[in-house]
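I have placed the structure first, in the form of structure tokens, so that the comments after it can refer back to it.
The values are calculated or read from the model by the stated rules, or taken from the named source; none is laboratory data. What you see is a predicted model; the values in this text were computed from it and never measured. When we count neighbours, we look across all protein chains shown, and the Cβ atoms used for this are built from the backbone with ideal geometry, even at glycine. The protein model used for the area step is the full one, side chains on, heavy atoms only, and it has no ligands, DNA or RNA in it. Shrake-Rupley method; radii C 1.70, N 1.55, O 1.52, S 1.80 Å.
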Amino acid sequence: MATTETTPVTPRMFSPINGSFGLKDQKPSGSPWNPLQWPTWFGYQKGRLNLPSPGKFERLHGEVTKEVFTSNYLFDGAQANIVKELSGNFHVQHQFSLGSQVMPPMYNFMSGYMTERTMLQGTMDNDTNLNGVFRHAWSASSITKVLTNMPGHSMLQVEQEVNGSDYSMTFKTMNPNPLELTGLYMASYLQSVSQNLVIGSEIVLQRPTADMEETAMSLVGKYTGSDYIATAQFQGVGAIQASYYQRINEKVDFGVELNLMVQNGRREAVATVGGKFDFRQATFRGQIDTTGRVSAVLEEKMAPGFSFLISGDLDHMKGQSKFGVGIMLSA
């Protein structure tokens, strides 16, 4: 008897369009002694190095802070998340939370629409606060992102990403006012200089009012080895952030982060160590820092599409503790 083969469903995700960044391997026809041809020859010689993409500036420490540490996974009280896939591009999510020490009981409704080029996502809570995210890939190298928040503390943030084969640029503005030239403006640039080393810089301009202006600049460096990543960021205000990520094996990752502030003769430093452990049916994250804070998050996959979560956070110096349990259901 013949059996009918089923085609696996492609997971829903947002990814910019794949494409070419130019004929970098094609030798220029002009003379290298002609100054007008120098930009073309420079691009050709740089393309021959086959430098990798440096990634995004906002994810410089992402392997440690967003993947290993518990910061993005902690919660307290009771929480339930129900995700429903309505189609390959559209999904909705219901989130219930209560018993939190810092937040009142809350309900959030989220919906998202995703295609290869576009991502549109909105969130509304029981107080009718609305958050929206719009992201569109104009091409393989140009992506625009808009974030809004209303009412209450209304916020508008616009980002423009320009990604090359071996560099990335990001321009970001928050609550801009073209008439008074107020708001927050940021520009960052990352460049791969070898197969392992990335360097870059970020400039921040803040103008809360027309007669007040603050600027800050930071320099960054990132080195990627075979199973480790070392990153350092130096800011002009005397702040240093360094992180180290180590992949032990396919199921164990460790990360270390150091935040150092040296300003007006005062020195403050906080070091954090964390680990992530992937088991067959569970994922455990734990971390501890030099201020005496210990936190852990356990996600147990009870069945396909159903997970049970436990979160704990203990601050010895402040004598505070938080505990949370939750479930996540995908249908």
Q: State whether the residues of the range 183-199 include one that is surrounded by fewer than 13 Cβ atoms within 10 Å (Cβ to Cβ), on the phi < 0 side of the Ramachandran plot and free of Cβ contacts under 8 Å to residues at least 60 places away in the same chain.
A: no
Q.
It is to be established whether one or more residues within the range 119-138 are outside any strand (DSSP E or B) and of a type in the set (D, E, K, R).
A. yes
Q | In the range 221-236, residue modelled with the lowest pLDDT [restricted to those that are small (Gly, Ala, Ser) and either outside any strand (DSSP E or B) or farther than 20 Å from SER188 by Cα (or both)] | A | GLY236
Q) Among the residues of the range 193-220, how many are in contact with a Ser or Thr (Cβ under 7 Å, 6 or more places away or on another chain) and either part of a loop (DSSP other than H, G, I, E, B) or of a type in the set (Gly, Ala, Ser) (or both)? A) 7
Q) Would you say VAL64 is more than 22 Å from GLN121 (Cα to Cα) and modelled with pLDDT of 90 or more? A) yes
Q | When residues of the range 157-182 are limited to those that are open to solvent by 70 Å² or more (accessible area, probe 1.4 Å) and of a type in the set (A, V, I, L, M, F, W, C), the one nearest to GLY43 (Cα to Cα) | A | PHE171
Q. Of all residues in the range 292-319, how many are in contact with a Lys or Arg (Cβ under 9 Å, 6 or more places away or on another chain) and more than 22 Å from ARG280 (Cβ to Cβ)?
A. 10
Q. Within the range 209-233, can you find the residues that are without any contact (Cβ under 8 Å) to a residue 24 or more places away in the chain, surrounded by fewer than 16 Cβ atoms within 10 Å (Cβ to Cβ) and over 30 Å from THR283 (Cβ atoms)?
A. ASP211, MET212, GLU213, GLU214, THR215, ALA216, MET217, LEU219
Q: Being surrounded by fewer than 15 Cβ atoms within 10 Å (Cβ to Cβ) and either touching a Pro at 6+ places or on another chain (Cβ under 7 Å) or of a type in the set (Gly, Ala, Ser) (or both) is the filter here, so list the residues in the range 94-131 that pass it.
A: LEU98, GLY99
Q | Residue check, VAL262 open to solvent by less than 80 Å² (accessible area, probe 1.4 Å) and within 16 Å of ASP76 (Cα to Cα) | A | no
Q) Within the range 222-238, how many residues turn out to be more than 20 Å from the chain's Cα centre (by Cα) and among the basic types (Lys, Arg)? A) 0
